[in-house]
Amino acid sequence: MRAETFSGYQGLKLVELPKPAVTDGKVLVRMTAAGVTPLDHTIVSGKFHGSKAPLILGNEGAGVVEQGGGTDFPVGSRVMFFGAYGAFEDGTYSERIAVLKEDLCLIPDNVNDVSAAGIPVAYLTAQVALTLAGFRAGKTVLAPAIGGSIGNAVTQLARALGAKHAISSTTNHAKAEQAKALGFHEVVDTSLEKLGDGVRRITNGYGADIVIDGIGGDVLSGALGALALGGRVTTLGYSASRKTTIDVTNLIVPQASIRGLNMFAQRKAAITDAWKVIISLLKSGAIKPIVAKTFPLAEAAAALRYLVEGRPFGRVVLTI
């Protein structure tokens with residue numbers, strides 16, 4: 001499923017292409033599922049720097065090794081991966097793809113391919129962000145948007161790794177109730193109270209040591225008002241908006257800091273370390289990816305529309 005032009009959903013077309021050639025350092029993977037992300041929508045809308053059409057979208061997914069995996073990833077191995085695919089080279093919305101061996105990770109036996117396809121971007125980003133922010137057990141973490149991939153992954157990881165509070169939020173009362181039913185009990189319903197007020201209520205006035213924001217816009221502005229002394233904010237997404245207004249006293253008074261995170265710029269060692277943590281927690285069942293809906297590959301445009309306009313609770317995945 002290739003974006004022939006970056007002109008929105010209508011730019012996506014189903015095309016037949018030759019099987020990718022496997023060169024040194026790459027592994028041929030037969031795709032079984034591909035994660036659908038906000039970045040895919042940003043790219044197909046022509047709002048991402050560096051991407052050029054025509055381009056097969058999708059920078060994460062799961063599949064089976066067909067060739068080139070060696071002893072680390074024998075033929076038939078189930079693997080998941082993330083990389084520059086779907087942004088700077090052809091991606092995972094495809095039956096086959098040649099993947100750098102260093103990008104692959106074996107899928108635990110207790111995780112199915114559909115769930116695995118939505119793991120890499122969300123959980124790697126979440127774990128790298130938490131590490132860079134200095135997370136350790138006992139810290140209070142805020143990750144807005146419990147139904148979104150980053151908000152949910154950060155909340156799950158922080159809770160599993162011993163956070164004192166792992167707080168998220170939603171603008172939708174029905175999602176707040178859904179979150180509770182799924183076991184997320186520290187969720188601020190911003191249809192009823194301001195984000196900062198909710199965080200202060202949950203933490204008895206303390207605030208958040210770490211904020212990981214994948215939304216941007218007014219959500220980022222509100223999160224800055226929830227910081228504890230010496231708090232750290234990491235911003236890494238802008239699905240709500242690229243622009244926000246910051247009250248600088250929210251940084252000055254608590255002597256807080258704010259930084260950005262670009263996953264495409266991370267060292268391989270950081271990704272490897274993050275995978276070790278994630279795989280251990282997946283195997284133990286301490287974290288569990290949530291899939292909202294699957295679509296067949298031919299309905300990639302509908303899948304993207306559902307993700308962006310339907311705002312589901314959980315991941316959207318293409319089955320291939």
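Quick check on region 309-316. Is at least one of its residues within 25 Å of Leu104 (Cβ to Cβ), surrounded by 15 or more Cβ atoms within 10 Å (Cβ to Cβ) and among the basic types (Lys, Arg)? Checked region 309-316: at least one residue is within 25 Å of Leu104 (Cβ to Cβ), surrounded by 15 or more Cβ atoms within 10 Å (Cβ to Cβ) and among the basic types (Lys, Arg). Looking across region 51-77, the residues that are among the hydrophobic types (A, V, I, L, M, F, W, C), open to solvent by less than 50 Å² (accessible area, probe 1.4 Å) and closer than 23 Å to Asp109 by Cα come down to Ala62, Val64, Val65, Phe73. So in region 259-285, with the set limited to residues that are free of Cβ contacts under 8 Å to residues at least 60 places away in the same chain and more than 21 Å from Leu161 (Cα to Cα), which one is nearest to the chain's Cα centre (by Cα)? Filtering region 259-285 for residues that are free of Cβ contacts under 8 Å to residues at least 60 places away in the same chain and more than 21 Å from Leu161 (Cα to Cα), the one nearest to the chain's Cα centre (by Cα) comes out as Asn262.
In region 281-298, what count of residues is obtained for those that are closer than 17 Å to Gly118 by Cα, assigned to a helix (DSSP H, G or I) and open to solvent by 70 Å² or more (accessible area, probe 1.4 Å)?
Just the residues of region 281-298 that are closer than 17 Å to Gly118 by Cα, to begin with: 281-283, 285-297.
Still in the running and assigned to a helix (DSSP H, G or I): 281-283, 297.
Next, only the ones that are open to solvent by 70 Å² or more (accessible area, probe 1.4 Å) stay: 283.
Total meeting the criteria: 1.
Is there a residue being of a type in the set (Phe, Trp, Tyr), under 22 Å from Gln266 (Cα atoms) and free of Cβ contacts under 8 Å to residues at least 60 places away in the same chain anywhere in region 59-80? Walk me through it before giving the result.
Step one: of region 59-80, the residues of a type in the set (Phe, Trp, Tyr) are 73.
This time we only want the ones that are under 22 Å from Gln266 (Cα atoms), so: none.
The answer is no; no qualifying residue exists.
Quick check on my filter: what residues within region 78-88 are open to solvent by 20 Å² or more (accessible area, probe 1.4 Å) and either part of a loop (DSSP other than H, G, I, E, B) or at positive phi (or both)? Before the answer, list the steps.
Going through region 78-88, the residues open to solvent by 20 Å² or more (accessible area, probe 1.4 Å) turn out to be 78, 82, 84, 88.
Within region 78-88, Ala84, Phe88 meet the criteria.
Of all residues being among the charged types (D, E, K, R) and outside any loop (DSSP other than H, G, I, E, B) in region 160-181, which is farthest from Tyr123 (Cα to Cα)? Just the residue, please. Residue satisfying both the conditions and the ranking: Glu177. Within region 21-45, the set of residues being open to solvent by less than 50 Å² (accessible area, probe 1.4 Å), part of a loop (DSSP other than H, G, I, E, B) and either at pLDDT 95 or above or of a type in the set (S, T, N, Q) (or both) comprises Thr37, Ser45. Restricted to region 184-238, the set of strands (runs of 3 or more DSSP E) holding at least 3 residues that are within 20 Å of Ala153 (Cβ to Cβ) and β-branched (Val, Ile, Thr) comprises 208-213, 227-235. For region 252-266, filtered to residues that are of a type in the set (A, V, I, L, M, F, W, C) and within 30 Å of Ala84 (Cα to Cα), the residue that is surrounded by the fewest Cβ atoms within 10 Å (Cβ to Cβ) is Ala265.
For region 9-20, a tally of residues being open to solvent by 40 Å² or more (accessible area, probe 1.4 Å) and either aliphatic (A, V, I, L, M) or closer than 19 Å to Ala87 by Cα (or both) returns 6. Scanning region 89-140 for residues that are aliphatic (A, V, I, L, M), in a loop (DSSP other than H, G, I, E, B) and either under 14 Å from Ile271 (Cβ atoms) or open to solvent by 50 Å² or more (accessible area, probe 1.4 Å) (or both) returns Ile119, Ala137.
Residue-wise test of (1) open to solvent by less than 40 Å² (accessible area, probe 1.4 Å); (2) among the aliphatic types (A, V, I, L, M).
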site	(1), (2)
Gly147	yes, no
Leu157	yes, yes
Ala181	no, yes
Lys194	no, no
Leu227	yes, yes
Arg242	no, no
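The values are calculated or read from the model by the stated rules, or taken from the named source; none is laboratory data. What you see is a predicted model, and the numbers here were worked out from it, not measured in a lab. All Cβ positions, glycine included, derive from the backbone under ideal geometry; neighbour counts span all protein chains shown. Just so you know, the surface numbers come from the protein's heavy atoms only, side chains and all, with ligands and any DNA or RNA stripped out. Shrake-Rupley method; radii C 1.70, N 1.55, O 1.52, S 1.80 Å.
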